[in-house]
Amino acid sequence: MKRNISLVKGTHDIHGAEMEKFEFIIEKFYSICRNFNFKSIQTPILEQQDLFSRTVGEQTDIVSKEMYSFLDKGEAYICLRPEATSSLARFAASNYQSGLLKLITHGPMFRRERPQKGRYRQFHQINIESIGEKSPYVDFELILIAKLLFDDLGIKENKHRLLINSLGSKEDQIKYAYELKKYLTEFKIQLSEISQSRLDKNPLRILDSKDPKDSEILVNAPKISEHLSEESKNYFNQVKKLLNDNKIKFFEDPKLVRGLDYYSHTAFEFQTNEDKRQNAILAGGRYDNLISMISSRDIPGVGWAAGIERLMDLISLKDEKSESDKKILFAVQDESYLNNNRILKQIYSLRYNHEVRVSKNIKKLFSYADKNNFSFILLIGEEEFKNKKIILKDLKNKNQKSFEISKFELKNEIR
RNA sequence: GCGGGUGUAGCUCAGUUGGUUAGAGCGCCGGUUUGUGGUACCGGAGGUCGGGGGUUCAAGUCCCCUUACUCGCCCCA
């Protein structure tokens, strides 16, 4: 016996009912975004490794240990993208002209983590980015779209919540990091091991720690909101005002720092309370310095990404039996009856949803039609073939009629 | 990288304190007198019990190793 080829760890096939959910999410996403004049784009899955080292950050887990990268024929370090924003920034760096570049995309992302529920090595995201202008309205618009998507997907208010924070400008962050480091250094020995190592490299990330010891210490830590410049504060207030004006509920979380290095100002995250572990389902923020990290241009932007698999876990599709109300099974008792068949040709040209099936056993043809939810069966058995006839049976109301093949017009019978 | 759980038929799983030829449901194939449907009944195919080693008269069952999957930690969407 041959050994089955198994899936690569952390990857999965999507089909059947799951695939319907997958497509449902993408369709809703694209349809909402088109109403806000976003344009879709597809970028390569393969990118230069350097793109992510420079944007996501060398110190992050994503780059330091989760990237699928390899030396391509001894020429260049290539990787499978772990996220899409950097790719879209790369695109914008060379294609942005003026105004707002509004982009949406979706596709597979790759991170070599230990797989578990809601977490895969190849997973899928939908992404949206508004690049070119720094304005509270642009930030708000993206959060609004996220909200509309949740509504359209039927994810109820009580199943998710929106957290927001402002990380301030680059200057604010430098000043705040200094203050935070000063405070945390006093407690250095009490901090978790990881947090201790972050103290020098990226103290802001410590705010994200879930270690109870760290949380205790962080209670009295300086807050970024207290270290924002007037300008940054005003900016954030305007975003919040727009959210309030539009009745979008949110919680301000001063400890929300995104795990990637390129964020500044507005940061947000939609969390679910259905799953305590993988609770982040949609996250993003403003990244005014991102494009300057990978090019000589300085263009502000904002965007978010959502995990399709995580969204799939939160939605349930009703059985949409209306899938096709006129699916036809074209059934014959002998393969040769299919040759030069004028009714099959009608099916092709009229684009009927159909399937062709051959079996000597008529009972099996009917039971196949039944099990697979066909609404009509077109049957040519031995007898019909001899007499140049065809049977049409409506499987819902069980009406059956016989026709001369030469005169049969499908469009008159099934509309 | 570190823990816990599980690997028995195509799928979902039983398999009792170790004890003859390893079971069920679903699915598949065939049949229940002639060519008509989710039902019922009958029959059939299909398994190196994840792999390796050990204990024993005897291992799917106990022990060790290994591997895969899975759920958590970390981190993230």
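Structure data summary
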{"read-out": "Residue list for the range A:350-376, filter: within 7 Å of RNA strand B (Cβ to nearest atom) and either in a strand (DSSP E or B) or of a type in the set (K, R) (or both)", "value": "A:K363, A:K364, A:K371"}
{"read-out": "Filter result for A:S197 (among the small types (G, A, S), closer than 21 Å to A:L163 by Cβ and outside the structural domain of A:F150 (by TED's automatic domain parsing))", "value": "no"}
{"read-out": "Subset of the range A:58-88 (residues that are touching a residue at least 24 places away in the same chain (Cβ under 8 Å), assigned to a strand (DSSP E or B) and surrounded by fewer than 15 Cβ atoms within 10 Å (Cβ to Cβ))", "value": "A:A76, A:Y77"}
{"read-out": "Test: residue in the range A:5-28 that is at pLDDT 95 or above, under 21 Å from A:G285 (Cβ atoms) and away from RNA strand B (no atom under 16 Å from the Cβ)", "value": "no"}
{"read-out": "Cross-chain or 6+ apart pairs with Cβ under 7 Å, the range A:244-264 first and farther than 19 Å from A:N279 by Cβ and charged (D, E, K, R), then within 13 Å of RNA strand B (Cβ to nearest atom) and at pLDDT 85 or above", "value": "A:D261/A:V56"}
{"read-out": "Hey, A:I25 in the same structural domain as A:E141 (by TED's automatic domain parsing), over 30 Å from A:N202 (Cα atoms), crowded, with 17+ Cβ neighbours inside 10 Å and of a type outside the set (G, A, S) or not", "value": "yes"}
{"read-out": "Candidates A:T43, A:T55, filtered to the one that is surrounded by 15 or more Cβ atoms within 10 Å (Cβ to Cβ) and assigned to a loop (DSSP other than H, G, I, E, B)", "value": "A:T43"}
{"read-out": "Among the residues listed as A:T43, A:T55, the single one being modelled with pLDDT of 95 or more, among the hydroxyl-bearing types (S, T, Y) and touching a helix residue (DSSP H, G or I) at 6+ places or on another chain (Cβ under 6 Å)", "value": "A:T43"}
{"read-out": "Cβ pairs under 9 Å, 6+ apart, first in the range A:366-381 and free of Cβ contacts under 8 Å to residues at least 40 places away in the same chain and farther than 22 Å from A:K411 by Cα, second more than 6 Å from RNA strand B (Cβ to nearest atom) and among the hydrophobic types (A, V, I, L, M, F, W, C)", "value": "A:F366/A:L329; A:F366/A:A331; A:F366/A:I377; A:Y368/A:L329; A:Y368/A:A331; A:Y368/A:F374"}
{"read-out": "Verdict on A:K411 being under 21 Å from A:D325 (Cβ atoms), in contact with a helix residue (DSSP H, G or I) (Cβ under 9 Å, 6 or more places away or on another chain) and part of a helix (DSSP H, G or I)", "value": "yes"}
{"read-out": "Residues being in a helix (DSSP H, G or I) and not β-branched (V, I, T) - total across the range A:323-349", "value": "11"}
{"read-out": "Condition broken by A:D13, with the remaining ones in (1) free of Cβ contacts under 8 Å to residues at least 12 places away in the same chain; (2) part of a helix (DSSP H, G or I) satisfied", "value": "(2)"}
{"read-out": "Evaluation of A:K159 against (1) modelled with pLDDT of 90 or more; (2) surrounded by fewer than 20 Cβ atoms within 10 Å (Cβ to Cβ) (one fails), failing number", "value": "(1)"}
{"read-out": "Residue satisfying all of: in the range A:169-196; in a loop (DSSP other than H, G, I, E, B) and of a type in the set (S, T, Y); nearest to A:K210 (Cα to Cα) among these", "value": "A:S192"}
{"read-out": "The range A:382-392, subset over 10 Å from A:I328 (Cα atoms) and within 48 Å of the chain's Cα centre (by Cα), residue nearest to RNA strand B (Cβ to nearest atom)", "value": "A:I391"}
{"read-out": "Count of the range A:262-278 residues which are at pLDDT below 75 and more than 9 Å from RNA strand B (Cβ to nearest atom)", "value": "1"}
{"read-out": "Check on A:F91, modelled with pLDDT under 95, more than 16 Å from RNA strand B (Cβ to nearest atom) and part of a helix (DSSP H, G or I)", "value": "no"}
{"read-out": "Those residues of the range A:377-408 which are on the phi > 0 side of the Ramachandran plot and either modelled with pLDDT of 90 or more or not in a loop (DSSP other than H, G, I, E, B) (or both), in sequence order", "value": "A:K388"}
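The values are calculated or read from the model by the stated rules, or taken from the named source; none is laboratory data. For clarity, every value in this text was computed on a predicted model and none was experimentally measured. Note: ideal-geometry Cβ built from the backbone for every residue, glycine included; neighbour counts use all protein chains shown.
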